[in-house]
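Engineer: First the structure, then my questions, so here it is.
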Amino acid sequence: MKKREKIVDLFKLLSNQNRIEILVLLKDRCKSTKDISERLGLDHSTVFRHLKSLEKFGLVKEIRDEKGMKFYDLASTDIYRFLELSTSILKGINADIPTFEMEAKIFPENSTSGISLDLRGFICPIPDLEVEKALNNAKNGEILDILVDYPLSKERIVSNSIRSGNEVLSVRMIGNSVWRILIRKGKSGT
């Protein structure tokens with residue numbers, strides 16, 4: 001299949017409102033078919049059919065937790081960025097989506113911070129939920145030092161932290177697919 005035909009097929013797949021809503025739900029956190037069905041008010045078979053179409057095209061993937069429960073997640077960080085960019089375009093913003101691959105300017109590599117979270121080896125939704133819980137329990141101005149190796153968690157943690165009024169101080173790769181994220185609870189000066 002030619003590249004142009006694949007692009008046309010992608011936009012045909014995304015022309016369904018339910019599929020777009022499923023992807024937007026998955027942007028924030030992986031979910032089960034039941035979760036998606038309840039949030040969108042669709043029956044399980046419809047959600048499952050849409051997920052399988054999205055999975056076949058490579059936009060979502062099926063993952064299982066340690067108990068064998070099945071969840072769906074975005075297949076790559078590129079899908080996450082595509083959704084972010086689409087949202088920006090629709091809002092009339094012509095800005096580039098930041099990659100958040102900045103150097104740590106505030107803290108040297110060996111610095112210690114308030115709360116350390118080593119979330120390597122965990123998949124969705126554990127890293128996202130643990131960071132959210134730590135931020136809720138942190139004092140204003142306290143710094144979280146987070147290690148993750150699940151690529152979508154890196155994207156989600158940064159995006160969710162900014163949206164919830166926290167300051168992302170640094171995001172950088174420190175090893176083979178390991179990201180170190182430094183977040184200050186609340187904005188500086190608040």
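The values are calculated or read from the model by the stated rules, or taken from the named source; none is laboratory data. Not measured: the values here are computed from a predicted model. Virtual Cβ from ideal backbone geometry, glycine too; neighbours counted across all protein chains shown. Accessible surface areas use protein heavy atoms only, side chains included; no ligands, DNA or RNA. Shrake-Rupley method; radii C 1.70, N 1.55, O 1.52, S 1.80 Å.
Engineer: Pick from segment 11-43 the residues that are more than 21 Å from the chain's Cα centre (by Cα) and open to solvent by less than 90 Å² (accessible area, probe 1.4 Å): which of them is nearest to Lys61 (Cα to Cα)?
Structural biologist: By that ranking, first place goes to Leu13.
Engineer: Next question, about the same structure. Scan segment 44-87 for residues that are farther than 18 Å from Ser15 by Cβ, aromatic (Phe, Trp, Tyr) and open to solvent by 70 Å² or more (accessible area, probe 1.4 Å) and report the count.
Structural biologist: Residues meeting the conditions: 1.
Engineer: Do any residues in segment 138-150 that are of a type in the set (Phe, Trp, Tyr) have Cβ atoms under 6 Å from those of residues that are crowded, with 18+ Cβ neighbours inside 10 Å, where the two are at least six apart or on different chains, and which pairs are they?
Structural biologist: Tyr150/Ile123; Tyr150/Pro127
Each row is one residue, and each column tells you yes or no for (1) open to solvent by less than 30 Å² (accessible area, probe 1.4 Å); (2) closer than 28 Å to Lys70 by Cα; (3) of a type in the set (A, V, I, L, M, F, W, C); (4) at pLDDT 85 or above.
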position	(1), (2), (3), (4)
Glu109	no, no, no, no
Pro125	yes, yes, no, no
Glu130	no, yes, no, yes
Asp145	yes, no, no, yes
Lys154	yes, yes, no, yes
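Engineer: Would you pick out the residues in segment 139-154 that are touching a strand residue (DSSP E or B) at 6+ places or on another chain (Cβ under 6 Å) and either farther than 14 Å from Lys27 by Cα or in a loop (DSSP other than H, G, I, E, B) (or both)?
Structural biologist: Residues satisfying the conditions are Ile143, Leu144, Asp145, Ile146, Leu147, Val148, Asp149.
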